[in-house]
Amino acid sequence: MTKASDLFVAALEAEGVEYVFGIPGEENLDLLESMRTSTIKLVLTRHEQAAGFMAATYGRLTGKAGVCLSTLGPGATNLVTAAAYAQLGAMPMLMITGQKPIKTSKQGHFQIVDVVDTMRPLTKYTRQIVAADSIPARVREAFRRAEEERPGAVHLELPQDIAGDPTQARLIPASFSRRPVAEDKAIERAAEAIANARHPILMIGAGANRKTTSKTLDAFVAKLGIPYFTTQMGKGVLDEEGPLWLGNAALSDHDFVHRAIDAADCIINIGHDVIEKPPFFMREGRRTVIHVNYASAEVDAVYFPQIEVVGDIAHSVWRLSEAIAPQPHWDFAFFDRVRTAMLAHLRDRSDDDRFPLAPQRIVADLRSALSPRDVVCLDNGLYKLWFARNYRCREPNTLLLDNALATMGAGLPSAIGARIVCPDRKVVAVCGDGGFMMNSQELETAVRLGLDLVVLVLRDDAYGMIKWKQAHERYPSYGMDLGNPDFVAYARSYGARGHRPQSSDAFLPLLRQALDTPGVDVIEVPIDYRDDDRILNEDIPRLAAAVQ
């Protein structure tokens with residue numbers, strides 16, 4: 001006979017689980033003891049939400065479900081935001097929560113909420129384990145659901161009494177599976193539409209951010225020479241230093257990239273996920289839109305493709321590449337002019353010497369300090385638009401931003417998860433002061449784990465993005481300004497190093513010093529958003545419209 005919690009941990013080991021992020025409670029003690037003698041490492045965090053963000057980031061970077069743990073009640077409800085983060089962002093993640101004994105209990109309804117039903121709208125799969133013998137099937141199904149396309153969050157609740165029960169159940173091995181491939185007719189229709197177009201363009205979305213897809217897309221572009229742009233969560237799938245890159249659809253409209261989109265008569269849409277803001281607005285009859293994805297298109301008012309190629313994306317891209325040759329009538333001259341103007345604007349203010357720093361200068365300095373393989377993890381704020389537009393990625397998953405749930409508070413935990421997954425790379429968290437303070441306690445986690453990590457805290461003493469939007473809507477400034485601690489002293493109180501540059505020219509040397517020194521460094525960076533409204537809403541539309 002085997003103890004149920006031992007079987008549960010053995011099932012996790014069989015799925016290749018390396019880490020469990022979280023905070024256990026008394027209902028998890030059997031599971032915790034089983035983990036103590038296993039190969040799995042427990043990463044003890046300071047908040048369950050942060051544990052969920054770490055697990056989701058692990059899943060995003062590896063393709064394997066990251067695992068997080070909490071107790072019942074408040075511990076489980078603290079995972080709700082992380083569940084939505086993973087589910088909307090297509091990051092495979094398993095949440096394990098405890099529960100009071102379900103066969104007999106002397107504590108009434110103390111701390112009990114229906115966690116399974118709470119998680120139902122936020123996950124692909126949620127179950128309470130009611131018998132020890134069902135553990136192998138439940139765990140195997142949870143991992144299968146979390147990792148298959150479209151990836152997302154799953155949840156298992158292990159009650160205290162079930163965890164201690166004996167069982168003779170055996171593990172269920174993973175089955176061999178083959179991804180579905182697109183129909184021949186769909187490939188033929190799509191290839192014909194691309195070949196017959198005069199101004200085709202390639203759009204790279206979140207669903208294309210997979211290792212095999214990146215390789216096949218690179219070969220597709222190299223063979224056909226079709227220009228491409230990305231959504232925010234498609235950044236890095238193809239090299240943004242490449243001669244065919246047309247930019248990122250960080251803004252909803254009126255950017256340089258939208259001029260190219262408007263001129264295109266065929267958009268080959270690779271892995272678009274409607275969870276992101278629409279990168280373009282469809283209008284009936286203006287162009288052919290080809291949907292290439294694992295699943296059929298979710299049609300809405302701004303997205304209704306005429307051709308759907310449904311199946312494994314990498315395989316579909318390879319077959320399209322085989323079916324098409326470069327066409328003499330393809331005309332990319334206007335796209336080239338758009339790219340020239342776009343690149344000129346990306347250089348604008350990259351050496352701005354104002355202090356507090358312009359966001360463009362921060363992006364440029366960080367890009368120059370990091371190698372193509374290093375990882376930047378963004379929290380959410382106005383600066384995210386500048387990183388999406390101006391930070392040019394050379395490799396996939398080197399700029400981790402969230403354009404799905406777009407939650408604040410994920411930047412630092414995500415960076416901790418990224419550093420654990422990528423110990424041979426530099427990792428930088430970029431957070432606004434508002435988002436940083438939502439999970440800043442995880443500095444202690446990073447220090448305790450002995451991680452090498454740099455955290456940029458962009459300080460404007462306000463909820464800057466909403467304050468900017470408030471001003472753009474011509475409302476009086478109200479309810480957005482806040483106070484902050486001394487971030488240098490705050491970092492040092494956790495055992496990290498704290499820094500504060502005194503000029504724009506001092507920032508880059510300080511950043512490089514922090515990157516080269518083992519340990520956790522927090523750099524408080526004063527940021528100046530005052531020109532953003534004019535640049536984003538007036539200058540960019542005017543300059544983009546001038547491209548002829």
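The values are calculated or read from the model by the stated rules, or taken from the named source; none is laboratory data. Nothing here was measured: the structure is a model prediction, and the numbers come from that model. Glycine also receives a Cβ, built like all others from the backbone with ideal geometry; neighbour counts cover every protein chain displayed.
The single condition among (1) without any contact (Cβ under 8 Å) to a residue 60 or more places away in the chain; (2) assigned to a strand (DSSP E or B); (3) of a type in the set (A, V, I, L, M) that M95 does not meet is (1). Across the range 28-39, not a single residue is classified as outside any loop (DSSP other than H, G, I, E, B) and closer than 16 Å to G417 by Cα.
When the range 258-275 is filtered for residues that are buried (at least 22 other Cβ atoms within 10 Å of the Cβ) and under 27 Å from P151 (Cβ atoms), the ones remaining, listed by number, are I267, I268, N269, I270, G271, H272, D273. Residues in the range 170-182 that are of a type in the set (D, E, K, R), out of contact with any helix residue (DSSP H, G or I) (no Cβ under 8 Å at 6 or more places or on another chain) and in contact (Cβ under 8 Å) with a residue 24 or more places away in the chain: 0 in all. Among the residues of the range 163-187, what is the count of those that are part of a helix (DSSP H, G or I) and either surrounded by 13 or more Cβ atoms within 10 Å (Cβ to Cβ) or modelled with pLDDT under 95 (or both)? Selection size over the range 163-187: 3.
Cβ separations smaller than 9 Å between residues 6+ apart or across chains give the following pairs from the range 471-485 residues that are in the same structural domain as G434 (by TED's automatic domain parsing) to residues that are modelled with pLDDT of 90 or more and basic (K, R): N484/R459.
Considering only residues in the range 199-243 that are of a type in the set (D, E) and in contact (Cβ under 8 Å) with a residue 40 or more places away in the chain, the one that is farthest from N293 (Cα to Cα) turns out to be E241.
Residues are listed down the side, and each one gets a yes or a no for (1) in contact with a Phe, Trp or Tyr (Cβ under 6 Å, 6 or more places away or on another chain); (2) over 30 Å from P509 (Cβ atoms); (3) modelled with pLDDT under 95; (4) crowded, with 22+ Cβ neighbours inside 10 Å:
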{"position": "A323", "(1), (2), (3), (4)": "no, yes, no, no"}
{"position": "P328", "(1), (2), (3), (4)": "no, yes, no, no"}
{"position": "F334", "(1), (2), (3), (4)": "no, yes, no, no"}
{"position": "V338", "(1), (2), (3), (4)": "yes, yes, no, yes"}
{"position": "D348", "(1), (2), (3), (4)": "no, no, yes, no"}
{"position": "Y383", "(1), (2), (3), (4)": "no, no, no, yes"}
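Taking into account only those residues within the range 195-225 that are touching a helix residue (DSSP H, G or I) at 6+ places or on another chain (Cβ under 7 Å) and farther than 17 Å from A314 by Cα, which is surrounded by the fewest Cβ atoms within 10 Å (Cβ to Cβ)? Among those residues, the one meeting the criterion is H199. Anything in the range 400-441 that is assigned to a strand (DSSP E or B), touching a Cys at 6+ places or on another chain (Cβ under 8 Å) and of a type outside the set (G, A, S)? List them, or say none. Hits for the range 400-441 are L400, V427, V428, V430.
Whether a residue is outside the structural domain of L61 (by TED's automatic domain parsing), surrounded by 20 or more Cβ atoms within 10 Å (Cβ to Cβ), among the basic types (K, R) and assigned to a loop (DSSP other than H, G, I, E, B) was assessed, and R392 passes this test.
What are the pairs with Cβ atoms under 7 angstrom where one residue, in the range 403-420, is polar (S, T, N, Q) and the other, located anywhere, is surrounded by fewer than 21 Cβ atoms within 10 Å (Cβ to Cβ) and assigned to a helix (DSSP H, G or I)? Sequence gap at least six, or different chains. Qualifying pairs under 7 Å: T407/T81. Does any residue of the range 57-75 turn out to be outside any helix (DSSP H, G or I), touching a His at 6+ places or on another chain (Cβ under 7 Å), within 28 Å of M233 (Cα to Cα) and in contact (Cβ under 8 Å) with a residue 12 or more places away in the chain? No, the range 57-75 contains no residue that is outside any helix (DSSP H, G or I), touching a His at 6+ places or on another chain (Cβ under 7 Å), within 28 Å of M233 (Cα to Cα) and in contact (Cβ under 8 Å) with a residue 12 or more places away in the chain.
Which of the residues spanning the range 513-543 are buried (at least 20 other Cβ atoms within 10 Å of the Cβ) and touching a His at 6+ places or on another chain (Cβ under 6 Å)? Once the filter is applied, which keeps residues that are buried (at least 20 other Cβ atoms within 10 Å of the Cβ) and touching a His at 6+ places or on another chain (Cβ under 6 Å), the range 513-543 yields only I523.
Mind counting the residues in the range 470-512 that are assigned to a helix (DSSP H, G or I), modelled with pLDDT under 95 and exposed (fewer than 13 other Cβ atoms within 10 Å of the Cβ)? Give the derivation first.
Filtering the range 470-512 for residues assigned to a helix (DSSP H, G or I) gives 470-472, 487-493, 504-512.
From what is left, the residues that are modelled with pLDDT under 95 are 470-472.
From the residues that got through so far, the ones that are exposed (fewer than 13 other Cβ atoms within 10 Å of the Cβ) too are 472.
Counting residues in the range 470-512 that are assigned to a helix (DSSP H, G or I), modelled with pLDDT under 95 and exposed (fewer than 13 other Cβ atoms within 10 Å of the Cβ) gives 1.
Scan the range 13-27 for residues that are touching a residue at least 60 places away in the same chain (Cβ under 8 Å), out of contact with any Phe, Trp or Tyr (no Cβ under 9 Å at 6 or more places or on another chain) and not in a strand (DSSP E or B) and the total you get is 5. The numbered conditions (1) in contact with a Pro (Cβ under 6 Å, 6 or more places away or on another chain); (2) closer than 20 Å to T71 by Cβ; (3) not in a loop (DSSP other than H, G, I, E, B) are all true for A146 except (2).
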